[in-house]
Amino acid sequence: MVCGICNESGHNQRTCPKKLAAEGTIKVPNKETKKVINTSNSSIRSYSTTSAEVQDIRKTISFANEIEDDFLDLKEILSKRQTSKQKERLSSDQRKPTKSVNNHDEKEAIIQRSNKEENNSSTSSTKLKSKKSGINWLNEEALQRLDSGPTKEDGPGYIYMYKISNPTTTESKECEWYKIGLSKDLPARRIHVQETANKQKYETLTTHETLFRYLTETVIHRQLKSQRTPRSYGDGRTEWFKGDKNEFKDIIVRVIREVKALYVD
């Protein structure tokens, strides 16, 4: 930069020594003489640094160093915490096989309990079969139904058997057909309902009370499966059987006795 007043470099017009000398602010004896600043003039700013300012600077530097140290400490703490979490995760993964072993032990215990229950059930079933070992007169289907026992919906009622009292000419072939059914209430009511629905008169041959009406009827029907002779119409038309009425009476009584012996006594 070249001054526009003295054509010398190193300053500008505002700080030109000649200008300042002319204004009485600075004295310049000659070019070889060093520049002397008039410190008596309060308009010239002093750039000297006091000891208090130096101490403030040192404090600032020290504070900055402390902040840096705190940051490094915090960084180290976070790093240690992250490392600790990784170790915990790794330790948890290493413990998983042990947990699997525990689950395996639990499964073994469940299996043992299941086997024990199955053995108890098998023992109970064996007792039931040994109790029924003397029942050799029922066919396989009837015996299976008897073995399954009564359902939750089952309950006390009656087993009845009747026939057509005065068959017509077309019904003469049905003289040896017998209706075997069940009733929750007195059989007379059920028979009367069927007489009204079928427009026929029936003769009641036998009625027996049982504690499990559904089980008893099903066992009887399966025992007489080969003799079942469904009618072409009427209420209860699938429950007709052709054969000897005395044989049917005997089967009804024996089935009721077996049901009572197995599930009541």
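A compact table of results
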| read-out | value |
| --- | --- |
| Hits in the range 236-246 (condition: outside any loop (DSSP other than H, G, I, E, B) and either touching a residue at least 60 places away in the same chain (Cβ under 8 Å) or farther than 26 Å from T170 by Cβ (or both)) | E239, W240, F241, K242, K245, N246 |
| Qualifying residue in the range 226-235 (condition: among the charged types (D, E, K, R), under 23 Å from L143 (Cβ atoms), touching a strand residue (DSSP E or B) at 6+ places or on another chain (Cβ under 8 Å) and not in a helix (DSSP H, G or I)) | yes |
| Residues satisfying the stated conditions in the range 192-216, i.e. assigned to a helix (DSSP H, G or I), within 52 Å of the chain's Cα centre (by Cα) and surrounded by 15 or more Cβ atoms within 10 Å (Cβ to Cβ) | Q194, R213, Y214, L215, T216 |
| Some residue of the range 191-211 being assigned by TED's automatic domain parsing to the domain that holds V255, at pLDDT below 95 and among the small types (G, A, S) | yes |
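The values are calculated or read from the model by the stated rules, or taken from the named source; none is laboratory data. This one's a predicted model, so the numbers in the text were calculated from it and none came from an experiment. Cβ: placed from backbone, ideal geometry, glycine included. Neighbour counts: every protein chain shown.
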